[in-house]
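Student: So that we are looking at the same thing, I have put the structure below in structure tokens.
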């Protein structure tokens, strides 16, 4: 049984302000902007937004001042990556609306989608094999020899392994023909 949870009190105490936030901002603002811009390749405005978000989180969370610049840098970098991902997604959506846009520029590689669908279908076919055929086939695909498969599945002969694999391959071929 789970212990009862404490009720959430809206008057929960926020960390007390240190009173040095304005001095920290004057001391670290430019250096923070430069450090984030060095790591994240994005427009200047996006970097500025990420840094400002880090400063506002500082006001809310009041982290330890001993490592404040590293904390600010990490928060701002994560925020810049998040904003950059949103910007890339929005840019793609805007390009979808353009009349003269080339769909191949904005869609994923169609071959990778076809490959993924083909791989999924192959997995379904292998999953539909009887257990012994599936086990033998998977072992053969990952590189085991007939002798190794025989040794891994006790009480079997090379002929048993061979027949099992022949049947598995025949089922797979039948499933691929329309």
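Bear in mind that the values in this text are calculations on the coordinates, not laboratory data. These numbers were taken from a predicted model, which means no experiment stands behind them. Quick reminder, even Gly has a Cβ in these numbers, built from the backbone with ideal geometry, and neighbours come from all protein chains shown.
Student: Counting only C-alpha contacts under 8 Å and six or more residues apart, can you give the relative contact order of the stretch 21-95 as a whole percent? Display every interim value, and only then the final one.
Tutor: Values: 52 pairs, mean separation 27.8, N = 75.
About 37 percent, as a whole number.
Student: Starting with the fewest neighbours, write out 117, 40, 161, 142 ranked by other beta-carbon atoms found within 10 Å of each beta-carbon. Each step should come with its number before you reach the end.
Tutor: On the way: 117 10, 40 18, 161 24, 142 7.
Going from sparsest to densest Cβ surroundings: 142, 117, 40, 161.
Student: Given an 8 Å cut-off on Cα distances and at least 6 residues of separation, report the relative contact order of the stretch 110-173 as a percent. All intermediate terms of the calculation are to be shown ahead of the outcome.
Tutor: Numbers: 30 pairs, mean separation 22.1, N = 64.
Averaging sequence separation for qualifying contacts and normalising by length gives 35 percent for the stretch 110-173.
Student: Fewest first, what order do 113, 58 take by the number of other Cβ atoms within 10 Å?
Tutor: On the way: 113 11, 58 20.
Placing the least packed residue first, the sequence is 113, 58.
Student: Follow-up question, since we're still on this one. Rounded, prolate or oblate: pick one for the stretch 110-173, where a ≥ b ≥ c are the square roots of the eigenvalues of its C-alpha gyration tensor, a/c under 1.5 means rounded, and failing that, prolate if a/b is larger than b/c, else oblate. Don't jump to the answer; show the numbers that get you there.
Tutor: Numbers: a/c = 3.04, a/b = 2.26, b/c = 1.35.
Because a/c hits 1.5 or more and a/b exceeds b/c, the stretch 110-173 counts as prolate.
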